[in-house]
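The values are calculated or read from the model by the stated rules, or taken from the named source; none is laboratory data. For clarity, every value in this text was computed on a predicted model and none was experimentally measured. Because the Cβ atoms are built from the backbone with ideal geometry, glycine has one as well, and the counts that use them run over all protein chains shown. The protein model used for the area step is the full one, side chains on, heavy atoms only, and it has no ligands, DNA or RNA in it. Shrake-Rupley method; radii C 1.70, N 1.55, O 1.52, S 1.80 Å.
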Amino acid sequence: MWRRLVHLDLKGAAPRVQYLEQVLPLFRALGATGLLLEYEDTFPYTGPLELLQAPHAYRRTLLSPGVAAVPQLPFPLQFVLKHREFAHLREVKALPNALNPHKEESLALVKAMIDQVMALHEDLQWFHIGCDEVYYLGEGEESKQWLQQQNNTPEKLCLSHIKAVATCLAWSYPMVTPIVWDDMLRGMSEETLAESGVPQLVQPMIWDYAADIDVIGKVQLVEKYRRCGFSKVWFASAFKGATGVNQSLTLIGHHLRNQLEWLQVASRSPADVLEGIALTGWQRYDHFSVLCELLPVGIPSLAVCLQALKNGASPCVVSSETNRSSLDSPSLGTFPGSSVLTLVTQISFHLKSSVDELLERNRYVTGWFSPYHRKRKIIHPIVLHHFQPDAVSLFSKWNAVVQDLQAAMEQVFHRCAIEEWIEENVHPSLQKLQQVLDDLEEAIRAQN
């Protein structure tokens, strides 16, 4: 049986430990066999690395009985290179997007990070060393000089960097196999890959989150990697966080189709080459981007996706199995954090539209309390009766919903995540409505 890892992207809206203790048994029940843990700044680093910790960093491991863990080092290490203390290790001086592979201190930093993560995780079989989307590798001055030497290429630079990190891991932890994202490898020739020595050191994780992936192309890629010498490959699908950088609701149909496409790739690939699949659940597109779907919002999608992969089933069978699992409510289902999903859904579907309906399509607002009127505090008293009660009622209604959401989110997230989500998804509409009410009060006072 191939492994099914649920990816926890902890670089945004990292759940409280108490919440994880509630949902990890659910993940197992739904078919997960392990976790892919992308700690980023939530890992409890110590010593010189302590400054990498976010204020809400975990104080203990996330390991749970019966769940195998695969830690992930989030190369290209934006959360490290943003700090002044590590800025000298950047590939490009102005950008925290890639580590300078020519500095010995760079590898020493990576080793120190790996050692601390390994110290909290016993009996690991794999360690994901990242290495995806390292677009600025080769753009630094030292790299440009290196590339001017005979036979040196950007591909060889990337492979030498991967090899150095993988060798470092293998030297200290010979029983642990490194995993790498494969996107920097896909376009390389078989000869370049084979000659690098990388295939003997790592297992590539082929990722594609589309609903209509190129199945034949992926099968051919698996075969190419096998010919190059990779002993095993992994797949990576997505159960959330892959359909929009600021997506608030998970498109379950998209992610289910993604799993079914990967099942087709698996069925057409040699059975002995596939190690497993990671169901990614991105929380941010990178360290600096906004939040996308919160973990509780994506759990119904995760349930459907895990059941699809576990049973190799059609959507109708998946739906039946999912209902028997734990999402058997006739509406959105009941599970840890389901109230967050319910309230986020309500806000995402109705907050902006209801405010826009009042402020942009109510003829008394657009005709008798326009920006011109508001600036000059002009209003006809009789017009007040046509929209002030509706505006006050709407504002009170959404304030109550937001308070309920904040209370529900406090059971799952730390204050910083709650504030960020509210500011991004609630404030733009609610503040617009609040401003109209404030202008209305000022106009009434001016008239009196």
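Taking the conditions (1) over 30 Å from N246 (Cβ atoms); (2) within 32 Å of the chain's Cα centre (by Cα) in turn, C416 satisfies each one other than (1).
Scanning the range 9-23 for residues that are open to solvent by 10 Å² or more (accessible area, probe 1.4 Å) and in a helix (DSSP H, G or I), we see that the one that is farthest from V110 (Cα to Cα) is Q22.
Restricting the search to helices (runs of 4 or more DSSP H) fully inside the range 153-235 and requiring at least 1 residues that are closer than 30 Å to L251 by Cβ and without any contact (Cβ under 8 Å) to a residue 12 or more places away in the chain gives 215-228. For the range 397-407, the count of residues that are open to solvent by 70 Å² or more (accessible area, probe 1.4 Å), within 21 Å of E357 (Cα to Cα) and not hydroxyl-bearing (S, T, Y) is nonzero. The single condition from (1) crowded, with 20+ Cβ neighbours inside 10 Å; (2) at pLDDT 95 or above; (3) closer than 24 Å to M409 by Cα that A32 fails is (3). For the range 41-90, taking the residues that are β-branched (V, I, T) and outside any helix (DSSP H, G or I), the one that is modelled with the lowest pLDDT is identified as T61. The single residue among E104, E139, E133 that is open to solvent by 60 Å² or more (accessible area, probe 1.4 Å) and farther than 15 Å from L81 by Cβ turns out to be E104. Quick one: is K163 under 28 Å from the mean Cα position of the chain (by Cα), charged (D, E, K, R) and farther than 24 Å from T280 by Cβ? In short, yes. Return yes when S106 is part of a helix (DSSP H, G or I), among the hydroxyl-bearing types (S, T, Y) and without any contact (Cβ under 8 Å) to a residue 40 or more places away in the chain and no when it is not. Yes. Do you know which residues across the range 286-317 are in a loop (DSSP other than H, G, I, E, B), crowded, with 16+ Cβ neighbours inside 10 Å and not aliphatic (A, V, I, L, M)? Result: H287, C292, E293. The number of residues in the range 24-40 being within 17 Å of the chain's Cα centre (by Cα) and either free of Cβ contacts under 8 Å to residues at least 24 places away in the same chain or assigned to a loop (DSSP other than H, G, I, E, B) (or both) comes to 1.
Only one of the numbered conditions (1) among the aliphatic types (A, V, I, L, M); (2) assigned to a helix (DSSP H, G or I); (3) in contact (Cβ under 8 Å) with a residue 40 or more places away in the chain; (4) open to solvent by 70 Å² or more (accessible area, probe 1.4 Å) is violated by A119, and that is (3).
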